[in-house]
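The values are calculated or read from the model by the stated rules, or taken from the named source; none is laboratory data. All values derive from a computational prediction rather than experimental measurement. Ideal geometry is used to build each Cβ from the backbone, glycine not excepted, and the neighbour counts take in all protein chains shown. Areas reflect the complete protein model, heavy atoms only, side chains present, ligands, DNA and RNA absent. Shrake-Rupley method; radii C 1.70, N 1.55, O 1.52, S 1.80 Å.
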Amino acid sequence: TQGVEKAPMRSLFYAMGYTKEELDRPLIGVVSAHSEIVPGHFHLDKVAEAVKAGIRMAGGTPIEVPAIGVCDGIAMGHIGMKYSLASRELIADSVETMAMAHCFDGLVLVPNCDKIVPGMVMAAARINLPAIVCSGGPMMPGIVDDTHKSLSEMFEAVGARKAGLIDDNKLYEFENNACPGCGSCAGMFTANSMNCLCEAIGMALPGNGTIPAVHSGRLQLAKHAGMKVMEMYEKNIRPRDIMTEKAFLNALTVDMALGCSTNSMLHLPAIAHEAGVDLNMELVNEMSKRTPNLCHLAPAGPTYMEDLNEAGGVYAVMNELSKKNLLNLDSMTVTGKTVGENIKGCVNKNPEVIRPIDNPYSQTGGIAILKGNLAPDTGVVKRSAVAPEMLVHQGPARVFDCEEDAIAAIKGGKIVAGDVVVIRYEGPKGGPGMREMLNPTSAIAGMGLGSSVALITDGRFSGASRGASIGHVSPEAAVGGPIALVEEGDIISIDINNNSLNVLVSDEELAERRKKWQPREPKVTTGYLARYAALVTSGNRGAILEVPKTQK
């Protein structure tokens, strides 16, 4: 905007009504994912306006630009879900494109739901302009039968209806009351997991993950985010100053304490990759062994994000963790202060929602990484949401080559107690897109099989899933991973306590099966998904995109 040579650019700004005074100030991109198709984003126009007010108050010029977003709940169970994880890369690329093409001086990122949060943070790490996350906040829980409910119970109600446990009237009551208004779904599902982890990693202000979407505090937070990005600009605090290796270790620790979604095991490595940090998944079990699980938020327990907010939020959880020296307190954050300075005096106001560090739900964290001959690289399970009797389990494999076939079998009553449902060819390449599978997990839970049936997949699960749901099995079936070699009736052994996942078949038999295995024809051969499948890596690497190395 400055200098003789930039006169043509200034003329284009003037065409939109900008003034010279505005162009003489720092230009701050406000990346808003507002749309009318995602409940978590429906109100982001109001949040973005509040952000812009904060930027103006602090002497900057806000410029709003758009970002896409998929509603995972609406996309669930059909071809739309193939686009969900894949959209993360489009979002990161589009934020990079808009910021770099228009020379913004800083960014306020306004996402809310599953892939939009990590996609925007990936872009922030990549381009390294002063940036802060200001999400839209969680939905309030609904009420059915005088009990709080959310989208996870809505999906489970479908399974209950299929099993004849409830009638059409009760299902109608659920669908009209489970999701009472705007915001990201009310439990510790993927969206709220990532919004909380943005606080833990230092990229968001306190309350980002927990202040409900409908509270006035959400708009106040947005104004403060707008003001704070100007301070970051003036002090030249950038994302890579914040997102260091120590910051990611903090995020993993808070992840374990909160009992976050297994999808965080895809997004944290992807964000770290963009920040130039190698976040080895081998660290997860080490972090879990030393980090107690302090929260049982839905779907693991009966509390919701509003309860966590009233109990003191993410900072109260971090303060509990600091009592046993589990955090790096000297890490920089968007507040301009260190983690230790931020969390000082943040009191746990409800020990039933946030267990004190000396009285945790468990001495180990909420997520476990499993390995074995069925998952030589990794598999991931939300341990805190598994029934105790399913932490160790053996059962016959019920094998399906796509999600639809598995759902038909589950809802058709063909899955019985003790079974291990295997859904394969749903990984990043095989899906393509690594679909979330809330439908089969909810059907299993809704039909009363949640404490007796396990589900294993090279795809992934919604943060709303509960039970012995093991995802991200790597290598995936599409590239010849051992999950492709499992046959109907094979006995599968799950030992979450000891982090193991095995099929009880000899190495010799698996080798013979491998000789007969043939790669499947791609499910999608045109458009974005075909390009995505060609570039995407495995789940244990965060399903990042990687350009194939050219042959020399």
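Annotations
- Taking every protein chain into account, the 1.4 Å probe leaves residue 425 with about 10 Å² of accessible area, to the nearest ten.
- Net dipole in debye of segment 450-552 [+1 Lys, Arg Cβ; -1 Asp, Glu Cβ; about Cα centre; nearest 20]: 640
- Rel. contact order, % - alpha carbon contacts under 8 angstrom, at least six apart, segment 88-154: 33
- Leading residue at positive end of dipole, segment 139-227 (Cβ point charges), from 143, 194, 178: 194
- Ranked by solvent-accessible area (1.4 Å probe, protein heavy atoms only, all chains present), the residues 267, 102 order from largest to smallest as 102, 267.
- Taking Cβ atoms as reference points and 13 Å as the exclusive limit, the residues near residue 189 contribute a net charge of 0, counting Lys and Arg as +1 and Asp and Glu as -1.
- Kirkwood Rh, angstrom, segment 68-221 [1 / mean 1/r, Cα pairs]: 16.8
- Options 288, 427, 19, ranked by Cα towards positive dipole end of the chain, top entry (Cβ charges): 19
- Rounded to the nearest 10 square angstrom, residue 219 shows an accessible area of 70 square angstrom against a 1.4 Å probe.
- Descending by average beta-carbon neighbour count within 10 Å, the peptides 200-210, 26-36 line up as 200-210, 26-36, the highest first.
- For residue 23 and residue 517, the difference between the fully extended length at 0.36 nm per residue and the C-alpha to C-alpha distance is 171.6 nm.
- Among 65, 347, the sequence by solvent-accessible area, most first, with a 1.4 Å probe is 347, 65.
- Highest average first, the peptides 488-500, 325-337, 433-445 ordered by how many other beta carbon atoms sit within 10 Å of their residues are 433-445, 325-337, 488-500.
- Net +/- balance of residues flanking residue 211 in space, Cβ distance below 15 Å, scoring K and R +1, D and E -1: 0
- For segment 434-450, putting each phi into the Karplus relation 6.51 cos²θ - 1.76 cosθ + 1.60 with θ = phi - 60° gives couplings of 6, 4, 6, 10, 6, 4, x, 5, 5, 5, 4, 5, x, 8, x, 10, x Hz, in residue order, rounded to whole numbers and with x for Gly and Pro.
- What the chain shows is 38 Å² of accessible area per residue, with the surface traced by a 1.4 Å probe over protein heavy atoms.
- Nearest 10 degrees, 0 to 90: helix 151-162 Cα axis against the chain principal axis: 30
- Long pairs among 371/429; 228/382; 162/371; 20/344, criterion Cα-Cα beyond 32 Å: 228/382; 162/371; 20/344
- Magnitude of the charge dipole, segment 291-415, Cβ model with Lys/Arg +1 and Asp/Glu -1, debye to 20: 280
- Signed unit charges on C-beta, dipole axis of the chain, positive-most listed residue 124, 378, 455: 124
- Lys, Arg +1 and Asp, Glu -1 on Cβ, resulting dipole of the chain about Cα centre, debye, nearest 20: 940
- Within the shell defined by Cβ-Cβ distances under 15 Å, the residues around residue 115 carry a net charge of -2, with Lys and Arg each +1 and Asp and Glu each -1.
- For the chain, the share of accessible area belonging to carbon and sulfur comes to 53 percent (1.4 Å probe, ligands and nucleic acids excluded).
- Chain lengthening between residue 405 and residue 341 when straightened (0.36 nm per residue, less Cα-Cα): 17.8 nm
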